[in-house]
Amino acid sequence: MTVPLFELSAHAATVIAERDIRVAWLELALTSPERIERHRFDPVLEHALVRIPERGDRVLRVVYNASHKPLKIVTAYFDRTQRGKP
């Protein structure tokens with residue numbers, strides 16, 4: 001039996017539909033992130049960041065619970081504060 005890489009919280013499922021974020025992009029962020037950041041306040045949360053060429057190289061930020069197996073995605077969004085940053 002194959003364990004999925006991640007699951008979505010109810011909030012994440014709603015926002016990825018509203019923001020037109022593809023599941024493949026979530027997988028890319030989790031498997032090949034350009035950068036991983038720790039959450040400022042919650043030690044179990046991590047942020048995976050990856051550029052999405054199909055969206056004009058905008059940076060997708062995926063916030064997930066790293067202690068949950070499979071990983072639980074809390075939210076995902078295109079981070080405007082990352083424009084032009086490597």
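Read-outs: derived from the displayed coordinates by stated rules, not from any lab. Remember, it's a predicted structure, so these values are computed and weren't measured experimentally. Cβ placement follows ideal geometry from the backbone for every residue including glycine, while neighbour counts extend to all protein chains displayed.
Between H68 and R22, the distance separating the two model label sites (each 7 Å from Cα on the Cα→Cβ line) works out to 2.4 nm.
Taking Cα pairs under 8 Å and at least six residues apart, what relative contact order does the chain come out at, in percent? If you can, show how the numbers build up before the last one.
Details: 142 pairs, mean separation 27.0, N = 86.
Here the relative contact order equals 31 percent.
Less than 13 Å Cβ to Cβ from D20, Lys/Arg counted +1 and Asp/Glu -1: what total charge do the surrounding residues give?
Values: positive: R19, R22, R55, R58; negative: E18, E54.
Result for the neighbourhood of D20: +2.
For a paramagnetic label modelled on S32 (point 7 Å from Cα along Cα→Cβ), amide N atoms under 18 Å away belong, within segment 45-74, to 48-62.
Overall dimensions of segment 6-81, expressed as equivalent-ellipsoid semi-axes from the Cα gyration tensor (√(5λ), whole Å, largest first), are 18, 14, 11.
What does the charge add up to near V44, with Lys and Arg as +1, Asp and Glu as -1, over the other residues with Cβ less than 11 Å from its Cβ? Kindly include the intermediate steps, with their values, before the conclusion.
Values: positive: R38, K72; negative: D42, E46.
That works out to 0.
Kindly state, to the nearest 0.05, the FRET efficiency for E54 paired with H11, given R0 = 22 Å and r defined as their beta-carbon distance. The calculated FRET efficiency here is 0.40. Pull up the DSSP beta bridges for the chain and report the antiparallel fraction as a percent, rounded to 5. Antiparallel bridges: around 85 percent, rounded to the nearest 5.
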